[in-house]
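Report on the structure given below.
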């Protein structure tokens, strides 16, 4: 059986074809799992987000207009699902104007020999609010007004959370690089 294009997959799912549903899931789940991993604290959380996200995808598939990218449409649902999971347990710390003024842009640092898994662990270790804003801004390309609307906070909070996320990531990268340098240094005998 030839591979169906995304619109044929949607039509198959809407007509109740289990094979089409399995094919849609198999095609998009690996990429969407990576999206969920960036928002979750761990694999188990990402798996929960992925499962809930695909439940929403199949529930809302009838609203897909067959215009544009199905993957982009699924990705937006996954991001919303991830944010909803995070919202269940996080509290924003509103910042004062003075504190916001003290948040400077963090200069990008060389990632050196840092691997993908190490960087992912650093992002996953961020507090929920920092992680959500960082992903929405740095990875998904949303502006602070959009992030504030999606997360139910003000733009200053979004900016502050991003600056704090960047500082935390920079500290994490520096610690990893320092540890690697010390582990690679010849020992004193």
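The values are calculated or read from the model by the stated rules, or taken from the named source; none is laboratory data. Values in this document were obtained by computation on a predicted structure and should not be read as measured data. Note that each Cβ is placed from the backbone with ideal geometry, even for glycine, and that neighbours are counted across all protein chains shown.
Quick notes on this structure:
- Check on residue 40, within 27 Å of residue 146 (Cβ to Cβ) and at pLDDT below 90: no
- The residue of region 34-44 that is nearest to the chain's Cα centre (by Cα), among those that are surrounded by fewer than 18 Cβ atoms within 10 Å (Cβ to Cβ) and in a helix (DSSP H, G or I), is 34.
- The criterion of at least 1 residues that are touching a residue at least 24 places away in the same chain (Cβ under 8 Å) and over 25 Å from residue 36 (Cβ atoms) is met by the following helices (runs of 4 or more DSSP H) wholly inside region 125-189: 155-184.
- From the options 114, 66, 49, residue that is modelled with pLDDT under 95, within 30 Å of residue 5 (Cβ to Cβ) and touching a helix residue (DSSP H, G or I) at 6+ places or on another chain (Cβ under 7 Å): 66
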